[in-house]
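Please read the structure below before turning to the comments.
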Amino acid sequence: MTNESGGAAVTAGGEAGRGSGPPSPGAKALILASDIINRVTEYTIAIMMGVMTIIIALQVFTRYVLSDSLTWTEEIGRYLMIWICFLGSAMALKYGEHISVTFIEERFPPRIRRGVRLAIALTVLAFFALATWVGLLMTLQVSDQQAPVTWISMAWAYSCIPVGCFFMMIHALAHLVQYRGSPVPTASAGERPL
């Protein structure tokens with residue numbers, strides 16, 4: 001099965017488009033870890049979205065109905081939104097739903113195209129590894145700082161960077177071993193539950 005861009009589509013089992021031969025035990029473990037991280041991410045995002053919706057509704061109610069806004073709701077809502085963005089980006093990477101520009105890559109013959117895709121995948125993997133490391137250093141740097149209203153450690157807000165980038169790194173690595181340089185599949189509408 002292919003999607004509109006010609007790549008193999010991801011099905012609920014995630015089997016389409018895999019490279020030839022059975023994956024090694026290490027590759028199986030990595031793919032399983034990616035699947036587990038993604039499932040936990042989906043539930044975490046759902047919970048965070050629900051909490052954020054309640055908090056923002058509470059903020060609107062107290063500001064416009066009671067004319068006395070709660071100060072902490074905006075800050076917590078902001079941090080939840082940032083976490084949702086980083087976790088959602090990891091989930092989008094898992095499903096192959098990030099934007100990509102392929103018109104140059106598609107002009108190459110298939111053998112060169114596979115090498116270009118491998119180079120792109122390795123570059124993306126290196127970026128996520130670097131972003132995870134730098135995000136961890138930033139989180140440690142701000143761990144002594146506190147949010148102005150809620151007084152929670154800013155490490156909680158900044159930790160979404162290393163966590164989200166680490167999850168993206170695991171998903172990118174799983175795609176690399178799972179599809180072995182073939183195009184990373186993208187999901188078509190209705191192909192996976194959300």
- Query: Going through segment 139-181 one residue at a time, which ones are in contact with a helix residue (DSSP H, G or I) (Cβ under 8 Å, 6 or more places away or on another chain), hydroxyl-bearing (Ser, Thr, Tyr) and either part of a loop (DSSP other than H, G, I, E, B) or touching a residue at least 40 places away in the same chain (Cβ under 8 Å) (or both)?
  - Reply: Ser143, Thr150, Ser159
- Query: Is it the case that some residue within segment 119-136 is outside any helix (DSSP H, G or I), farther than 17 Å from Phe86 by Cβ and in contact (Cβ under 8 Å) with a residue 60 or more places away in the chain?
  - Reply: no
- Note on the structure: Residue count, segment 52-74, condition surrounded by 14 or more Cβ atoms within 10 Å (Cβ to Cβ) and not aromatic (Phe, Trp, Tyr), comes to 11
- Among residues of segment 12-47, those that are among the basic types (Lys, Arg) and modelled with pLDDT under 70, counted: 1
- Message: So Thr102 passes all but one of these: (1) assigned to a helix (DSSP H, G or I); (2) surrounded by 14 or more Cβ atoms within 10 Å (Cβ to Cβ). Which condition number does it fail?
- Response: (1)
- Task: List the number of the failed condition for Cys85; all other conditions in (1) buried (at least 17 other Cβ atoms within 10 Å of the Cβ); (2) in contact with a Cys (Cβ under 9 Å, 6 or more places away or on another chain); (3) not β-branched (Val, Ile, Thr) hold.
- Result: (1)
- For segment 88-98, state whether one or more residues are over 12 Å from the mean Cα position of the chain (by Cα), assigned to a helix (DSSP H, G or I), surrounded by 14 or more Cβ atoms within 10 Å (Cβ to Cβ) and not basic (Lys, Arg). no
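The values are calculated or read from the model by the stated rules, or taken from the named source; none is laboratory data. Since the structure is predicted, the reported quantities are computational estimates derived from the model, not experimental observations. Cβ sites come from the backbone with ideal geometry, for glycine too, and all protein chains shown count toward neighbours.
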